[in-house]
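Chemist: I have a structure here, written as structure tokens, and I will follow up with some questions on it.
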Amino acid sequence: MRFSMKNRVFRLGIIGAVAMLGVVGIAAPAEAHVPVLLTDANTVFTVDDLPLVLDGTTSIAFYGSTGRWQTRAMRIELKAGDQFHAELLIPALAPETTLSPRRLPRMVIVSPQHQVTVLANNERKAFFEPFTNTSYLTLGETTTVAQSGIYDIVVVGVAPTRFVAVTGQVEKFSASLENASVASLAQIQNWYRTPPQGY
């Protein structure tokens with residue numbers, strides 16, 4: 001069941017407000033994930049054009065970058081009783097590894113029933129991805145029993161940073177996507193090698 005434009009705008013508005021408050025107030029992906037490269041257009045202000053994963057149990061890695069106080073957003077659809085899973089990672093590279101938790105990105109999750117979760121970002125679990133030959137640090141992750149409907153997921157940047165937002169745990173080599181396409185190996189490696197703008 002899809003939500004109306006008005007309902008989704010309301011939910012994404014909640015995300016933006018809570019994300020900013022969460023960031024100001026604060027003192028590993030599967031090997032067979034499906035890679036998606038986020039663009040500067042994938043923000044909380046482009047509700048109808050956000051990437052949507054039709055089976056949110058599929059492991060998807062959303063690669064993106066943000067500038068200061070910028071957002072990147074995506075959506076996943078789940079059935080009641082599915083496993084909702086999300087992780088936030090950064091490349092194990094400068095400038096991300098030099099930033100304090102206050103300046104690292106945050107992930108905000110809004111459930112179909114408007115429950116808001118700001119994911120903690122104080123972990124530093126190392127992860128090496130052999131297919132792309134890239135290394136990461138996991139900042140935080142969560143797994144819960146899903147509600148039926150669409151989850152809105154937003155990453156909020158405080159400083160210029162690259163990030164990976166991972167959703168789902170079922171390893172597949174393809175996925176049903178709307179407003180997005182599968183990224184190539186060359187695109188992911190180029191993203192990894194390119195420092196965020198403004199650094």
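Chemist: Which whole-Hz ³J(HN,Hα) couplings does segment 155-165 yield from phi under the Karplus relation 6.51 cos²θ - 1.76 cosθ + 1.60, θ = phi - 60°, glycine and proline marked x?
Modeler: The phi angles translate into 9, 10, x, 9, 10, x, 8, 9, 8, 10, 9 Hz.
Chemist: Which chymotrypsin sites (Phe, Trp or Tyr not before Pro) in segment 41-148 pass both tests, a DSSP loop state and at most 15 other beta-carbon atoms within 10 Å?
Modeler: 45, 69, 131
Chemist: Long-range amide H contacts for residue 82: which residues qualify at under 5 Å (H placed 1.01 Å from N, peptide plane, sequence gap of 5 or more or a different chain)?
Modeler: Those qualifying (amide H under 5 Å, at least 5 residues apart or on another chain) are 146.
Chemist: Taking amide hydrogens as modeled 1.01 Å from N in the peptide plane, which residues meet the under 5 Å criterion relative to residue 43, leaving out close sequence neighbours?
Modeler: For residue 43, whose amide H was placed from the backbone, the distant partners under 5 Å are 73.
Chemist: Can you tell me what percent of all Cα-Cα pairs in segment 107-180 are more than 16 Å apart?
Modeler: Cα-Cα pairs in segment 107-180 separated by more than 16 Å: 62 percent.
Chemist: Going by the alpha-carbon gyration tensor, a ≥ b ≥ c the square roots of its eigenvalues, is segment 5-193 rounded (a/c under 1.5) or, if a/c is not under 1.5, prolate (a/b greater than b/c) versus oblate?
Modeler: The shape class here is rounded.
Chemist: Residues with amide H under 5 Å of residue 37's amide H, sequence separation 5 or more or different chain, H placed in the peptide plane at 1.01 Å from N; which?
Modeler: 63, 181, 183
Chemist: Just to check I understand the Karplus step: with θ = phi - 60° and J = 6.51 cos²θ - 1.76 cosθ + 1.60, what whole-Hz values come out for segment 190-199, glycine and proline as x?
Modeler: Coupling constants for segment 190-199: 5, 4, 5, 7, 9, x, x, 5, x, 6 Hz.
Chemist: Each residue of segment 89-106 in order: what ³J(HN,Hα) in whole Hz does its phi give by Karplus 6.51 cos²θ - 1.76 cosθ + 1.60, θ = phi - 60°, with x for Gly and Pro?
Modeler: Each residue's phi maps through the Karplus curve to give 10, 10, x, 7, 9, 6, x, 4, 6, 8, 8, 6, x, 5, 9, 7, x, 10 Hz.
Any read-out appearing in this document is the output of simple, stated calculations on the displayed coordinates, not a laboratory observation. Predicted, not measured: the structure shown is a model, and the values here were computed from it. Positions of Cβ are backbone-derived with ideal geometry, glycine not excepted, and every protein chain shown enters the neighbour counts.
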